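The values are calculated or read from the model by the stated rules, or taken from the named source; none is laboratory data. Owing to the predicted nature of the structure, the values given are computational and were not obtained by experimental measurement. Here the Cβ is made from the backbone with ideal geometry for all residues, glycine too, and neighbour counts use every protein chain on show. Calculation scope for accessible area: heavy atoms of the full protein, side chains included, ligands and nucleic acids excluded. Shrake-Rupley method; radii C 1.70, N 1.55, O 1.52, S 1.80 Å.
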Amino acid sequence: MSDENTLSESGESLENRRKRLRFRSWHRGMREMDLLIGSFADAHVPEFDHAQLDRYEALLELSDPDLYNWYAGREPLPAEHDTDVMQLLTQFRYTPRQGS
């Protein structure tokens, strides 16, 4: 069975989980964060393994103001959220797509 078809503990395939998380990333509620997190998800979620998806899903549970302040460097990143996925997000630079 390929990695794409392996099931998570919840019984969801890796491919479906990635799709679900990308959708959630684009529909957070605050337009600025939709653009930032959605673009980040498009760029990185397809490459994430199960463990990284776990850390990314936990990141999606955090509030938009907290995430934005950490991303923008307005507040220090708490140690409990200093993961490889959060480091990728803080290094990510949003670039508007044509037609956006």
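Structure data summary
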item: Per residue accessible area in Å² of region 12-91, where ligands, DNA and RNA are left out and the probe is 1.4 Å; result: 52
item: Residue among Leu88, Leu59, Leu35 with the largest mean-square fluctuation in a Gaussian network model of the chain, springs linking Cα atoms under 10 Å; result: Leu88
item: Computed helical MRE - 222 nm, the chain, DSSP H runs ≥ 4 contributing -39500 (n - 2.57), nearest 500; result: -16500 deg cm²/dmol
item: Label point distance in nm, Asp54-Asn69, each placed 7 Å from Cα along Cα→Cβ; result: 2.8
item: Accessible area of the chain belonging to carbon and sulfur atoms, whole % at 1.4 Å probe; result: 50
item: Long-range tail of P(r) for the chain (Cα pairs > 15 Å, %); result: 61
item: Extension gain, His81 back to Arg24 (0.36 nm per residue minus Cα-Cα distance, nm); result: 18.6 nm
item: Listed residues Arg74, Arg31, Arg22, most fluctuating in the chain (Gaussian network, C-alpha, under 10 Å); result: Arg74
item: 13 Å beta-carbon shell around Met30, net charge (K/R +1, D/E -1); result: -2
item: Region 66-92 and region 13-40: distance between their alpha carbon centers, rounded to Å; result: 17
item: Length-normalised contact order for the chain - Cα pairs under 8 Å, 6+ apart - percent; result: 22
item: Amide H within-cut-off set for Ser13, under 5 Å, with H built and near neighbours excluded; result: Ser8
item: Distant-in-sequence amide H partners of Arg28 (H built 1.01 Å from N, under 5 Å); result: Asp34
item: Phi-based couplings in Hz for region 47-53 (Karplus 6.51, -1.76, 1.60; Gly and Pro marked x); result: 9, 6, 8, 4, 5, 5, 5
